[in-house]
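Rule-based calculations on the coordinates, nothing more; no lab input. Note that this is a predicted model, so its numbers are computed, not measured. Reconstructed Cβ throughout: ideal geometry from the backbone, glycine too, with neighbour counts over all protein chains shown.
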Amino acid sequence: MQLADQVSWLDRAENCLIFGASGVGKTHIASALSRRVLEAGKRVKFFSATALVQLLQQDKQCLQLQARLRKLDRFDLLVLDDLGYVKKSEAETSVLFELIAHRYERKSLLITANQPFSQWDTIFPDSMMTVAAVDRLVHHAVIFEIKAQSYRQQQAAKRTAT
């Protein structure tokens, strides 16, 4: 609630990282926090991580990646939902790393992922790139780890029990 009520963390270019298993509410929290940030007068852009990476790859192929990164700078908060679903190809992860490096200490990121940092080698093919990305993200960040049962699994269990 503090992040939602006091958006000064965006002025300091801090990040918000939300981890947890599938179905625990990471996207819901990211959406709610984004809405509060918008209500506070800040600019927000919400992407599925896969869609953003594909867009950045297209821009890189057209030699427009830096222009796209500058356009994204208009947003105080950039949300990347479900980072763990980004494929582990060098082309995909290199543009993801460029985005993280570009926004470092300049603009905020909110990232949801179903893997903890210890498993990010499944996202980035190069361990040095993994370390560098994590280092930049956590340097100024609030990190949440949600440990709960999937909401969808709970609802399915209730339906089958009745």
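Its Cα gyration tensor gives the stretch 1-85 an equivalent ellipsoid, and the semi-axes of that ellipsoid, as √(5λ) in whole Å with the largest first, are 24, 18, 9.
Among the trypsin sites (Lys or Arg not before Pro) found in the stretch 104-162, those both in a DSSP coil and sparsely packed, with 13 or fewer other Cβ atoms within 10 Å of their Cβ, are 106, 147.
Spacing of the modelled spin labels on residue 153 and residue 38, each 7 Å from Cα toward Cβ, amounts to 3.2 nm. For the chain, the longest principal axis of the alpha carbon atoms and the long axis of helix 90-103 meet at an angle near 80°. Would you tally the net charge around residue 134, using a Cβ to Cβ cut-off of less than 14 Å, leaving residue 134 out, and scoring K and R as +1, D and E as -1? My count for the surroundings of residue 134 gives -2. One decimal place: the segment residue 91-residue 54 gains 12.4 nm when fully extended, by the rule 0.36 nm per residue minus the C-alpha distance. Relative to the first principal axis of the alpha-carbon coordinates of the chain, what is the inclination of helix 49-61, with its axis defined by its Cα atoms, in degrees from 0 to 90 and to the nearest 10? Taking the Cα atoms of the chain, the angle to 49-61 is about 20 degrees. For the stretch 36-91, the ratio of Cα radius of gyration to the globular rule of thumb 2.2 N^0.38 Å stands at 1.24.
Compactness of the chain is given as radius of gyration and Dmax, 16.2, 57 Å, from Cα positions. If you take all other residues with their beta carbon under 13 Å from the beta carbon of residue 32, and give Lys and Arg +1 and Asp and Glu -1, the sum is 0. Suppose the chain between residue 28 and residue 114 were pulled fully straight at 0.36 nm per residue; how much longer would it get relative to their current alpha carbon spacing? This chain segment gains 29.6 nm when fully extended.
To the nearest ten degrees, helix 151-161 and the longest principal axis of the Cα atoms of the chain are 20 degrees apart. You can think of it this way: the chain between residue 121 and residue 66 has 17.2 nm of extra reach, that is 0.36 nm per residue less the Cα-Cα gap.
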